[in-house]
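Can you read through this structure? Questions will come right after.
The values are calculated or read from the model by the stated rules, or taken from the named source; none is laboratory data. Note that the coordinates shown come from a computational prediction; the quantities given were computed from them, not determined experimentally. Counting neighbours? That spans all protein chains shown, and the Cβs are built from the backbone with ideal geometry, glycine included. Surface areas here come from the heavy atoms of the whole protein model, side chains and all, with no ligands, DNA or RNA. Shrake-Rupley method; radii C 1.70, N 1.55, O 1.52, S 1.80 Å.
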Amino acid sequence: MWVSSNKLLSSRKYVKHVSFIRLYAVSALAHLNFALSNPIEELQTIDTHEKNLVTNHFVEKDKVKVVETLKYLRKDPVLAFSFFNQLKENGFCLDPHAYAAIVRILCYWGWDRKLDSLLLELIRKERDLDFKIMNLFEALAEGFESECSNILVRVSDALVKVYVTVGMFDEAIDVLFQTKCRGFVPHILSCNFLLNQLIERGKIDVAVNIYRQMKAFGLSPNDYTYTIAIKAFCRKGSLDEAVDVFREMEECRVTPNAFAYTTYIEGLCLHGRSDLGFEVLQAWITAKIPIDLFAFTVVIRGFCNEMKMKEAENILHDMEKQGFAPDVYMYGALISRFCMVGNLFKALALHDEMVSKGIKTNCVIVSSILLGLSHMGMASEVANQFKEFKEMGIFLDKACYNVVMDALCKLGKVEEAVALLVEMKGKQMVPDIINYTTLIGGYCLKGKVFDAWNLFEEMKKNGHKPDVITYNVLAGGLSRNGLAQEALNLLNDMETQGVKPNTVTHNMIIEGLCIAGKVDDAETFFDNLEEKCLESYSGMVSGYCEADHTKEAFDLF
DNA sequence: GGAAGCACTG
């Protein structure tokens, strides 16, 4: 990298800088070579205080040089970034001015991703730094007036984004609201991103508070901000306040777009008012308000959730008369709900209708059909349908494979299920923990505990971290097959892996041991539980029943 | 800046 960049710059000054760069790229102790012939040995002979003095003296001098060098390399961002990284890797203590220098270069060249990762790295190691991230703003503010405001806005936007991404909302809010006193205002998009993520993480009240205060901080909401506010009020169930947002938009002369209207309709549907949602949708269509097809999906889904299947289906068929063509999402909502309630006849009829209209089906819809069959106890039919869909050339993903593997396992055909895992791998699909868990359960069901264990090991070897469900399935399998000690060992393994056992884990072990006839072991395990909740008692009662210890079951009950 | 499905107990 140094060589190619050498071609770009060839002045004497450049040579001086390159030699400085090389010197620093060697090792963390290298900078002490300036003064000491045998640095390590000499440092060992002086006391810590003196050592710090020596080190600090050179480090201070070098810090200035680093900033100068970075400023000089502004036209060569590749070299500058590389130099900066070398210093970091070699443990050179970089101060806010060095960071400010590289940040200016990244901003100048529009290297947004690199800026994001640099800030993320700073956040991650802020505790080990001898400065605060806010000091970076002070260092940046010392730049040229003309560019500094621009850079401050960009850096605070990037910082808000990074803080939000890692879930550090308080810090993101601080950045957003400290900016006014620094004389600049971040982009509204950063604020929107923050608000939206707050809502996604369930922090609705925080989002609403920010929305209410943002104007005072010089931030002007745009159409998207208002849509997020509508979403927040709808999630809270404050539908009247959601309507107030539309009024506010009118006052501020911001025109609502299709997103805003649909968000409000979705709010009504979420609160069991799909009928009202549909009325509003129709009224808005009549008023020629811009609405897109997504609003129909929202209302159809709403009716499906309320189990008003006739209404949901009517929308799909009536909208065509109004000149709107239903799409795969609307059919998908209906098909999956019909599958869920066991009306496969209706689900398949709608699927045929959809395909006959030239709308291509997809693996999500296929999976809901397969799951519907499975829930109806039609495991063989699941395998047949799967084969048919495959022969039709429809792409079938991990979830589809899983439904079939699960059905085969329930039929006791675990080997056939494992053959599908092999088939997946042959298609370059990487099985996930759900696929592995299904098969581990399948082997356990057949009493093939060692095969289950091997699969568990394979899964870990392939880089998949088992979750609580995987552990529960395996713990249950071990217990049911009488391997009490192995189940307890697995419980310890869970803890060391940082996976917390839950009531289900405990009950899988208790009931499993009882099924295996090891009622004494189950009782000991139950008695040793640190916290017993109602479900724990249920587990032990069920266990007694499984083992025909009816009297003990009743006494405990 | 918005779209759905799969693995553990009852």
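Given the convex hull of the Cα atoms of the stretch A:362-451, what is a quarter of its surface area in nm²?
Numbers: hull surface 21.2 nm².
Taking the Cα atoms of the stretch A:362-451, their convex hull projects to 5.3 nm² on average.
For the stretch A:446-505, what is the largest minus smallest coordinate of the Cα atoms on each principal axis, given in angstrom and ordered from greatest to least?
Computed over the stretch A:446-505, the largest-to-smallest principal extents equal 26, 26, 16 Å.
Calculate the spin-label point distance for A:GLU306 paired with A:GLU388, positioning each point 7 Å from the Cα along the beta-carbon direction, and give it in nanometres.
3.4 nm
Would you kindly find the accessible area of A:CYS181, with a 1.4 Å probe and non-protein molecules such as ligands, DNA and RNA excluded, rounding to the nearest 10 Å²?
Roll a 1.4 Å probe over it and A:CYS181 shows about 120 Å².
Order A:ASP128, A:ASP95, most accessible first, counting only protein heavy atoms with a 1.4 angstrom probe.
A:ASP128, A:ASP95
Also, quick follow-up: Longer than 24 Å from Cα to Cα, which of A:LYS360/A:LYS398; A:LYS360/A:LYS425; A:LYS114/A:LYS161; A:LYS161/A:LYS461; A:LYS410/A:LYS532 are they? Say none if no pair is.
A:LYS360/A:LYS425; A:LYS161/A:LYS461; A:LYS410/A:LYS532
If each of A:GLN213 and A:VAL364 carries a label point 7 Å out from its Cα toward its Cβ, how far apart are those two points in nm?
Here the modelled spin labels are 3.7 nm apart.
How do A:ARG154, A:ARG247, A:ARG253, A:ARG337 rank by accessible surface area computed with a 1.4 Å probe, from largest to smallest?
Putting A:ARG154, A:ARG247, A:ARG253, A:ARG337 in descending order of accessible area: A:ARG253, A:ARG247, A:ARG154, A:ARG337.
Rounded to the nearest percent, how much of the accessible area of chain A (1.4 Å probe, protein heavy atoms only) is carbon and sulfur?
Carbon plus sulfur share of accessible area: 54 percent.
Follow-up question, since we're still on this one. Mind putting a number on the dipole of the stretch A:465-557 about its Cα centre? Charges go on the C-beta only, +1 for Lys and Arg and -1 for Asp and Glu, and I need it in Debye to the nearest 20.
260 debye
OK, next. How much accessible area per residue does the stretch A:362-451 have, in Å², with a 1.4 Å probe?
Numbers: 4200 Å² over 90 residues.
Value returned for the stretch A:362-451: 47 Å² of accessible area per residue.
Quantify how much of the Cα-Cα distance distribution of chain A extends past 38 Å, in percent. Show your work: numbers first, answer last.
Details: 89278 of 154846 pairs.
The calculated P(r) of chain A puts 58 percent of pairs beyond 38 Å.
Among A:TYR443, A:GLY272, A:VAL328, which residue has its Cα furthest toward the positive end of the charge dipole of chain A, with +1 on Lys/Arg Cβ and -1 on Asp/Glu Cβ?
So the residue furthest toward the plus end is A:VAL328.
Around A:LYS425, under 13 Å between beta carbons, what's the net of Lys plus Arg minus Asp minus Glu among the other residues?
-1
When only Cα pairs under 8 Å and 6 or more residues apart are kept, what is the percent relative contact order across chain A?
The normalised contact order for chain A reaches 5 percent.
What lysines sit close enough to A:LYS215 to cross-link, taking a C-alpha to C-alpha distance under 17 Å and skipping anything fewer than 8 places away on the same chain?
Candidates past the 8-residue exclusion: A:LYS180.
Still on this model: May I ask you to compute the full-extension gain from A:GLN485 to A:LYS288, defined as 0.36 nm times their residue separation minus their alpha-carbon distance, rounded to one decimal in nm?
64.0 nm
What's the FRET efficiency of A:TYR108 with A:THR255 using the Cβ-Cβ distance as r and R₀ = 30 Å, to the nearest 0.05?
Step by step, r from the Cβ atoms, then E = 0.25.
Starting from a Cα-only point model with no solvent, please compute log10 I(q)/I(0) by Debye for the stretch A:233-369 at q = 0.09, 0.14, 0.18, 0.20 1/Å.
Rounded to two decimals, the profile gives -0.29, -0.66, -0.99, -1.15.
Right, here's the next one. If every alpha-carbon in the stretch A:465-557 counts as one equal scatterer, what log10 I(q)/I(0) does Debye give at q = 0.13, 0.15 1/Å?
-0.37, -0.49
Run down the lysines and flag those whose C-alpha is under 17 Å from the C-alpha of A:LYS346, throwing out any fewer than 8 positions away in its chain.
Candidates past the 8-residue exclusion: A:LYS308, A:LYS310, A:LYS357.
Between A:GLU126 and A:CYS181, what is the label-to-label distance in nm when each label sits 7 Å out along the Cα-to-Cβ direction?
Between A:GLU126 and A:CYS181, the simple spin-label model gives 1.6 nm.
Hey, got the dipole for chain A? About the Cα centre, +1 on K and R Cβ, -1 on D and E Cβ, debye to the nearest 20?
For chain A, the charge dipole is close to 2340 debye.
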